[in-house]
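Take a look at the structure below.
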């Protein structure tokens, strides 16, 4: 690896990390406006046109607020926890291919930060480490509400990780690789080549989606921060920028799960129909297609949040272990049979 | 580059292992054990064993240590009090065995690295495909035996936890 390659990778990291942060601020605006629409109210509409500058105002507010560390808290871990949350959330996005291979000044550049042979596993590993931020926050706050939130988060994440990983195995069986880039390339052409249609992965996709909601702690699975019982759960004691880092981590995790769903089941950056274009125009169109699919999933996340009520804790565990896990296994067996007997017609 | 990574990982591994042993708070010890496991995964990466490194992070750091933390937090274990009593027979024996272990390890290392050249690994070494192929061809029976062992352990755990089924 020479210096130029390192510089290119660094530039990609810079672009993607900033895009994620901008995406987060846009998502907070969309979430608040959309929840307003769903609940027949306005939502933030005062700062700038349509309230578009609200995230900016929120950012300034978070920076100016007093940063309170409880006297009884375990200080090093209390400070470490939000950073841990944010870093692991950012890491997981590294293996998502957001565009095709492009050519700049005679060099081919893959529009993915980390093109790993076991890329899917890397994403899972980063997601599984994400729980440490929440657990550390819950424990180091020395508050019973935060501790309960941390406990719930650890049990929930470990349970739903299994279903999440099982739902990916169908896609892996179909494509014969764990490299996200290769998985996307195999879904080229018409949209019926996408894994969710052409590979009969509808069940796998649904299991992935539900487990993904649980992994990101979004409603209806936001038991770790259930307001009605735990005040604010694991981040009860956090204020100012540290609190906002947890929020950012949650939104980035949401974006990553959406990106993974797009990549694995809905053709990633593939357009879904052939176009008479090539080179740069095609690449730009494909990046736009990726962003469009991603946004659709993000809107779904918000929509579900303001539609479904929260599960009870035993219902959550029942759903994870007694429903999703068997469904995931069925999906693996059916997909395995389809692949083994070559019944997919291609 | 590789040397820099090795030094950083070694420092992380040694320091976190020390914290695991010496820190009095069980949660801090568990967290540094997780850091230690991640550092070891880094060593696997340096040795080209990508698949092993990722599994180490997913299984040990991501699942097992989270469960350990869960149990520690659920029981709300207090910090250990400093003890000044005399070393027990068990700890003396343990220390002696540790010294013997280090000696054996050093001896094996000295023997292995005396002017021997290691053959270069193949380019697919440690990739998901090659590990999978090895598991399902060369090591098929040991692999299945291990999975049977895990099932037995799981049934045993359920039986112990639930006396009346």
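Please identify the pairs in which a residue from the range A:1-15 that is part of a loop (DSSP other than H, G, I, E, B) has its Cβ atom under 8 Å from the Cβ atom of a residue that is surrounded by 11 or more Cβ atoms within 10 Å (Cβ to Cβ), counting only partners at least 6 apart or on another chain.
none
All but one of (1) touching a strand residue (DSSP E or B) at 6+ places or on another chain (Cβ under 7 Å); (2) in a helix (DSSP H, G or I) hold for residue A:102; state the number of the condition that does not hold.
That leaves (2) as the condition not met.
Name every residue in the range A:176-210 that is assigned to a helix (DSSP H, G or I), within 14 Å of chain B (Cβ to nearest Cβ) and either more than 17 Å from the chain's Cα centre (by Cα) or modelled with pLDDT under 85 (or both), in order of residue number.
A:182, A:183
How about the range A:111-126: which of its residues are part of a helix (DSSP H, G or I) and free of Cβ contacts under 8 Å to residues at least 24 places away in the same chain?
A:125
Being more than 9 Å from every other protein chain (Cβ to nearest Cβ), under 22 Å from residue B:63 (Cα atoms) and surrounded by fewer than 23 Cβ atoms within 10 Å (Cβ to Cβ) narrows it down to one of A:111, A:166, A:173, so name that one.
Within the list A:111, A:166, A:173, the selection yields A:166.
Let's see how each residue does on (1) at the interface with another protein chain (Cβ under 7 Å from one of its Cβ atoms); (2) buried (at least 23 other Cβ atoms within 10 Å of the Cβ); (3) in contact with a helix residue (DSSP H, G or I) (Cβ under 7 Å, 6 or more places away or on another chain):
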{"site": "A:115", "(1), (2), (3)": "no, no, yes"}
{"site": "A:123", "(1), (2), (3)": "no, yes, yes"}
{"site": "A:135", "(1), (2), (3)": "yes, yes, yes"}
{"site": "A:142", "(1), (2), (3)": "no, no, no"}
{"site": "A:145", "(1), (2), (3)": "no, no, yes"}
{"site": "A:150", "(1), (2), (3)": "yes, yes, yes"}
{"site": "A:154", "(1), (2), (3)": "yes, yes, yes"}
{"site": "A:162", "(1), (2), (3)": "no, no, yes"}
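Can you tell me which residues in the range A:52-86 are out of contact with any helix residue (DSSP H, G or I) (no Cβ under 6 Å at 6 or more places or on another chain), within 30 Å of residue A:290 (Cβ to Cβ) and in contact (Cβ under 8 Å) with a residue 24 or more places away in the chain?
Passing the criteria: A:56, A:58, A:59, A:83.
Got a sec? Which helices (runs of 4 or more DSSP H) wholly within the range A:243-346 have at least 1 residues that are touching a strand residue (DSSP E or B) at 6+ places or on another chain (Cβ under 7 Å)? If you could, list the steps in order and put the result at the bottom.
Values: elements: A:280-305, A:313-318, A:325-340.
Ranges flagged: A:280-305.
Name the residue that is surrounded by the fewest Cβ atoms within 10 Å (Cβ to Cβ), counting only residues in the range B:23-51 that are more than 10 Å from chain A (Cβ to nearest Cβ), more than 20 Å from residue A:77 (Cα to Cα) and touching a helix residue (DSSP H, G or I) at 6+ places or on another chain (Cβ under 8 Å).
In this case the residue turns out to be B:46.
Starting from the range B:146-160, take each residue that is in the same structural domain as residue B:135 (by TED's automatic domain parsing) and list its partners that are exposed (fewer than 10 other Cβ atoms within 10 Å of the Cβ) and not in a helix (DSSP H, G or I), counting only C-beta distances under 9 angstrom and pairs at least six apart or across chains.
As it stands, the answer is B:158/B:165; B:159/B:165, since those pairs meet every condition given.
With respect to residue B:5, determine if the residue is closer than 25 Å to residue B:131 by Cβ, out of contact with any helix residue (DSSP H, G or I) (no Cβ under 7 Å at 6 or more places or on another chain) and in contact (Cβ under 8 Å) with a residue 40 or more places away in the chain. Walk me through it before giving the result.
Numbers: closer than 25 Å to residue B:131 by Cβ: yes; out of contact with any helix residue (DSSP H, G or I) (no Cβ under 7 Å at 6 or more places or on another chain): no; in contact (Cβ under 8 Å) with a residue 40 or more places away in the chain: yes.
Taking the combined requirement at face value, the residue does not satisfy it.
Restricting the search to the range A:127-148, which residues are at negative phi and part of a loop (DSSP other than H, G, I, E, B)?
Answer for the range A:127-148, where residues must be at negative phi and part of a loop (DSSP other than H, G, I, E, B): A:141, A:143.
If we keep just the residues of the range B:1-22 that are crowded, with 16+ Cβ neighbours inside 10 Å and more than 14 Å from the chain's Cα centre (by Cα), which is nearest to residue B:70 (Cα to Cα)?
Across the range B:1-22, the extreme among qualifying residues is B:19.
The values are calculated or read from the model by the stated rules, or taken from the named source; none is laboratory data. The shown structure was predicted, so the numbers you read here are calculated from the model rather than taken from an experiment. Quick reminder, even Gly has a Cβ in these numbers, built from the backbone with ideal geometry, and neighbours come from all protein chains shown.
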